[in-house]
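To start, the structure under review is shown below, and the notes come after it.
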Amino acid sequence: MPIHHRLKNLLFGSTSGMTRQEAMKVFRRDHFTCQYCGLDGQNNFSNWLVLTIDHIHPRAHGGHRKMDNLVTACRPCNLMKGTHVFSSMEAAKKYVLTRREDWRRRFEEETKAAAA
């Protein structure tokens, strides 16, 4: 795979044929902010590097690639949501934030145990 394709995948994730211009429309609309956790990719370059485009209704379950089905998501939130289907964006966000908190607790437990 040519280096520019690998870089595009790194910066924009697997967009299933989405052009950079299409991805940038979603990022701009969402102010370069993860729509799940609020990670600010507009004012922080390191955060911007982890932003991806998420399909609210996953492509794996027939979701389309139209603006009303696309949101900006950081890689961790996008991975946590996965291909689950939700009744609304709010339900998806609640699920992702709950999983993030579960993972935060696990992280704290594991790092505390490792330090002991």
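Values in this text are rule-based calculations from the coordinates and carry no lab data. Keep in mind the model is a prediction, meaning the values are calculated, not measured. Heads up, the Cβs are rebuilt from the backbone with ideal geometry, glycines too, and the neighbour counts pull from every protein chain shown.
Within the bounds of region 87-102, is there any residue that is in a loop (DSSP other than H, G, I, E, B), surrounded by 12 or more Cβ atoms within 10 Å (Cβ to Cβ) and of a type outside the set (S, T, N, Q)? No, there is no match, as no residue in region 87-102 is in a loop (DSSP other than H, G, I, E, B), surrounded by 12 or more Cβ atoms within 10 Å (Cβ to Cβ) and of a type outside the set (S, T, N, Q).
If you scan region 58-79, which residues turn out to be free of Cβ contacts under 8 Å to residues at least 40 places away in the same chain, in a helix (DSSP H, G or I) and within 16 Å of GLN35 (Cα to Cα)? Listed by number, the residues that qualify are ASP68, ASN69, PRO76, LEU79.
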